[in-house]
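Visitor: A single structure is presented below for examination.
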Amino acid sequence: MTQLKFDAKVSASAQEALEPHVRPMYDQPGARRMAIIEFAAIERTEPAPGTEKEPSVKVRITGLELPNREQEGTVREAQRFLHLQRTARGTFDDDGQLELADSTLRLTGGMLAYIETARLRAGLEHWREYARRLVHGPELTVTEVRHEMQALADGLSAVLDTARDHGDDA
C-alpha cells in the first residue's frame, strides 16, 4: 500500500489563512478547527523491487480555507455528506429491496436526500461487485451471460425503483 506523507511546508496563501488561528490554537490545547484543504503531490518514492519499503507520495498543502463560526456548520454538513457518500452500505432483502445498514442510516440524520444518496450508493456498489465477479469468474455460455445480464438489469432497476418509490413519499 502506498503511504501518504505531508510536507511540513505549506504554500504562502495557506500560511496566510492559518495565521489568525495559530494563537487561539496555542492558547487552547486540544482545540480544533475545520478546514477545506487542497494538496499537491510533490515527491514520489518508489522502492527498488525486492526491498521491504513501501512506496510513498509526499504532498504539500497548497490551498487552505478555514470557515468562520457561522460557516462551520455548513462545512461540517459537507464533510458528513462526503463521508456518507463514501461509506454507504446496505443489503438486499428477499424481495430485492435495498435495506441500508444501521450505521449508514445514523449518518443520514433522517434527511431524505442523504438517505437516497446512501441507498443509491449502496445499491450501485452491490451490483458493481456482482458484475466484477462475473467478469473475473469462469467462462460463461451466451445463454448464461444473457441470464446474468438480466439479473444485473433487474437488480439495477430495483435500486432505481426503490429510490423512486421513496422519493414519492416526500
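Visitor: In region 33-89, which GluC sites (Glu not before Pro) are in a loop and have at most 13 other Cβ atoms within 10 Å, using DSSP for the loop call?
Guide: Glu52
Visitor: Would you work out which of Leu100, Val75, Met149 lies farthest towards the positive end of the dipole of the chain, given +1 charges on the beta-carbon of Lys and Arg and -1 on that of Asp and Glu, about the Cα centre?
Guide: Farthest towards the positive pole: Val75.
Visitor: Note down the relative contact order for the chain as a percent, whole number, built from C-alpha pairs under 8 angstrom at least six residues apart.
Guide: Relative contact order here is 19 percent.
Visitor: Taking H placed 1.01 Å from N in the peptide plane, check which residues at least 5 places from Gly90 or on another chain put their amide H under 5 Å from its amide H.
Guide: Amide H to amide H, under 5 Å and 5 or more residues apart or across chains, Gly90 pairs with Ala101.
Visitor: Next question, about the same structure. Just how many % of Cα pairs in region 1-75 lie over 21 Å apart, if you round to the nearest whole percent?
Guide: When all Cα pairs of region 1-75 are counted, 44 percent exceed 21 Å.
Visitor: Follow-up question, since we're still on this one. So what does the Cα-only Debye profile of the chain read at q = 0.08, 0.14 Å⁻¹, as log10 I(q)/I(0), no solvent term?
Guide: Each listed q corresponds, in turn, to -0.46, -0.98.
We did not get these values from a lab; they are worked out from the coordinates using the rules stated. Here the structure is a predicted model, which means the values were calculated and not measured. As a convention, Cβ positions derive from the backbone with ideal geometry for all residues, glycine included, and neighbour counts pool all protein chains shown.
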